[in-house]
Each structure stands twice: as C-alpha cells, then as structure tokens.
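To start, the structure itself, in structure tokens.
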Amino acid sequence: MGKIKVFVTSQFPEEAMQLLGTHYDLVMKPQNEQLSKEALIQKAAGCKAILVSGTRIDSEICEAIKSHCQIITCSGVGYDNVDVEAATRSGILVTHNPRVVTDATADLTWGLLMAVSRRIVEGDGFVRSGNKQWGPSNLLGVQVSGKTLGIIGAGRIGTAVAKRGIGFNMRILYTGRTPKEAFEKVTEGAYVSKEVLFSESDFISVHLPLNASTHHYVGVEELNMMKKHAILINTSRGPVIDETALISALKNQLIGGAGLDVFEHEPNVNIGLASLDNVVMTPHIGTATLETRIRMGELCAQKIGEALEGRIPTDCLNPTALSNRVSSI
Ligand code: 8YV
C-alpha cells in the first residue's frame, strides 16, 4: 500500500518537508495562489490529514472532507482559521502547536519593539542613502530600559516577552480576564485593568488569540488612552487591533509608533500603514526561524501519526470528535 496522503497548505523549509515526506505522500496547495473552496476540497480529496498554516477550513470544507480526513493539524499555536466546532461535528480531530512557537515569536516581538523605539529601519535607510547629516540630534528614538512594558495576554508568549523585559530593567504590567500567578512569579508583573495598562505603559505588546471577545480589542478608546510616545507591538493576530483606528492614531501622532507582524486583512496590508515612518512591519514571520519551523513540521508529523493510529493526538483541541468519526474511514 502506498504512503498515506497528507494535504499541506504552506511550503515549510526543505528539512521539514523532507521529514514529512518520509512518512507521507504530500499533496501541496499551490503556493501564493488563492485556492477556491471547491479547488481546495478537490485537492484534499483522499488525504487523511491536512497540515494547515492560516488557510481557512470552514464547516463546508469539514463536511466535504470528513469521509477521508481524520485530522487537521495547525502548524502554529493559533487556530482561528479552523472551525473547530464544525470539525468536531464532522469527526475530524484538530491539533495545534502551543509551545514550539514561544521563543521565536517573543524574540521577534522584541526585534520589532527595538526597531520602532530606536528607529532602526529609518537609520538603515539613512545610511544606505548616503546621507552625511549625522549628529547628536539625528534620529532620536525612545528609551527602552527602565520604562514600563504592558503585556496584553499573559500566556506563554506574553510571559516570554515580559521575561525579556526584566533584562531591560522594565516595570511589567499585564492585563487579561484574570490574574495569572504563574506570570507574576516569573516576571514580578502587576495585574492591572485595561485602562491602567493603556494609560501607564510606554510599550504595549499584544498576545491574544483571535476570537469574538478579542476582535478589535485595541480600538479608538484604547489608543486614546495611550501615552503620546507609547509604542504598540502586535505579533499575535491582526484583527485584535482596529487597523483603521491605529492608522489614524499614528498619523495624528497620538501614539509614538507601532511594530506589526500581523495585519487585519493579511497578506493585504492597509496602504495607510506603509506611508508611515513610525511603523515597522514584517510579514507574519514570528515563528520564522529554521529551528522553529522544522520543529513545527516534526510536531505536525507526530500528531498526524498519533491520530491515524486511532489515538487522541497531543495538543488535541477536540477529542470528542473521535466519537463522530465517519465509520468508513
Ligand atoms: C504561523 C502563527 O502559523 O503560531 C501561530 O499561530 O501565527 C505562526 O506560527 C506560522 O508562522 C505559519 O504561517
């Protein structure tokens, strides 16, 4: 019998693809092409698993693939692109990778924070342009050390970002639904209201999953609370910030700047952001280190194997889906 077919929606580094390819017959979604729902269903036909990175898997797709697909494995920690309830109804297990993404994403968060606060991208352009007007008042940025860092979402990545702030002698504030003892133990951070965090922080980093309660968590009201030189960083999900409100606040210099790795309608980026010097942007590369991406591939291969052996895979979001599995699989 040939290898089991697995549908892969995004090209991972060669090492990860080779590893996956030793176990499975990989069916690739055409890269940089918006596949229609019907075309995706057709491409995924006969595949016992789907390895997904951002591609939307809705209830219609779940219903169409349930006769052969046993698991949808999300390459990262976020799974807002998958209708998990629909997958459960269709008997399809869904997994994600909540731990492997932490350090790479926290590192990039700090990369954006430093790039915005110390105007590194502007400085690079300044040097490359051959501008000779160097001097003590040139490209003045915002001091990071000793300032206040506000963390929205005290999960693994928010905690890792805060721990890095300790090295900069920062005062750590955090907010969220409830206080997190584990976060406070390793960061000495103080749990405060959303209002206090937005009004007292010099740097705010957002680490929220995307769902109905976090959509536009940062809007006009929150941006108006921020200090004039405060900097907002988002490496979580674009729609947690009202991008139109953010552009207005940046243009009107209500806040100091923004570092963004995710966008409300990515890969389409609001042209209003591209025209601003006080914004540094990257194309959703929070986990884009070779080590992390290879490990993500390894973990997805492991979880596919667990599911196809009839077990509940590690980091499964919907184990009850097993009881709804189509008997013909
Ligand atoms: C991307 C992420 O899924 O972990 C997440 O939720 O957004 C990232 O890991 C990954 O980089 C593939 O695009």
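Relative contact order for the range 102-281: what percent, with Cα pairs under 8 Å and sequence separation of 6 or more? It comes to 21 percent, rounded to a whole number.
Remind me, what semi-axes does the range 149-256 give for its equivalent ellipsoid, largest first in whole Å, using sqrt of 5 times each Cα gyration tensor eigenvalue?
After diagonalising the Cα gyration tensor, the semi-axes are 22, 16, 11 Å.
Comparing Cα centroids, the range 1-76 and the range 175-231 end up 36 angstrom apart.
Relative to its residue count, the chain spans a Cα convex hull of 147 Å³ per residue.
Restricting the calculation to Cα atoms, the range 44-94 yields a radius of gyration followed by a Dmax of 9.5, 26 Å. In the chain, Cα pairs under 8 Å separated by at least six residues give a relative contact order of 21 percent.
Estimated at the nearest 10 Å², the accessible area of TYR191 is 80 Å² with a 1.4 Å probe.
The relative contact order of the range 9-152 comes to 15 percent, based on Cα pairs under 8 Å that sit 6 or more residues apart. Mean-square fluctuation check for the chain, GNM, Cα pairs under 10 Å: which of SER236, SER90, SER205 is largest? The residue that fluctuates most here is SER90. The convex hull built on the alpha-carbon positions of the range 102-281 has an orientation-averaged projected area of 10.4 nm². In terms of accessible area, using a 1.4 Å probe and ignoring ligands and nucleic acids, THR214, THR22 rank largest first as THR22, THR214. Across the range 123-177, the volume of the C-alpha convex hull divided among the residues equals 109 Å³ per residue.
Excluding same-chain neighbours fewer than eight residues apart, the aspartates and glutamates reachable from LYS37 by a Cα-Cα span under 19 Å are ASP58, GLU60, GLU63, ASP80, ASP83, GLU85, GLU266. Across all C-alpha atoms in the range 276-321, the radius of gyration and Dmax reach 16.5, 53 Å. Let's test the formula: R0 of 56 Å, r as the Cβ-Cβ distance of ASP80 and LYS132. What FRET efficiency results, to the nearest 0.05? So the FRET efficiency works out to roughly 0.70.
Legend: helices of the chain (whole DSSP H runs) are marked when their alpha-carbon atoms reach 15 angstrom or more along the helix axis and their mean Kyte-Doolittle hydropathy is at least -0.5; marked are 102-117, 156-166, 290-308. Computed with a 1.4 Å probe over protein heavy atoms only, the accessible area of GLU181 comes to about 150 Å². Round to a whole number: what % of the accessible area of the chain belongs to carbon and sulfur, probe 1.4 Å? Carbon and sulfur: 52 percent of the exposed surface of the chain.
Largest accessible area first, the listed residues HIS284, HIS215, HIS96 line up as HIS215, HIS284, HIS96 when surface is computed with a 1.4 Å probe on the assembled protein chains. At the listed q of 0.13, 0.14, 0.17, 0.19 Å⁻¹, the Debye profile of the range 1-146, built from one uniform point per Cα, gives log10 I(q)/I(0) equal to -0.69, -0.75, -0.93, -1.09.
For the range 178-329, the share of DSSP beta bridges that are antiparallel, to the nearest 5, is 10%. Here the mean projected area of the convex hull built on the C-alpha positions of the range 214-326 is 9.7 nm². Here the range 142-196 is treated with +1 on each Lys and Arg Cβ and -1 on each Asp and Glu Cβ, and its dipole about the Cα centre works out to around 140 debye.
The values are calculated or read from the model by the stated rules, or taken from the named source; none is laboratory data. Note that this is a predicted model, so its numbers are computed, not measured. Glycine also receives a Cβ, built like all others from the backbone with ideal geometry; neighbour counts cover every protein chain displayed. Quick note on the areas: whole protein, heavy atoms, side chains included, nothing else; ligands and nucleic acids left out. Shrake-Rupley method; radii C 1.70, N 1.55, O 1.52, S 1.80 Å.
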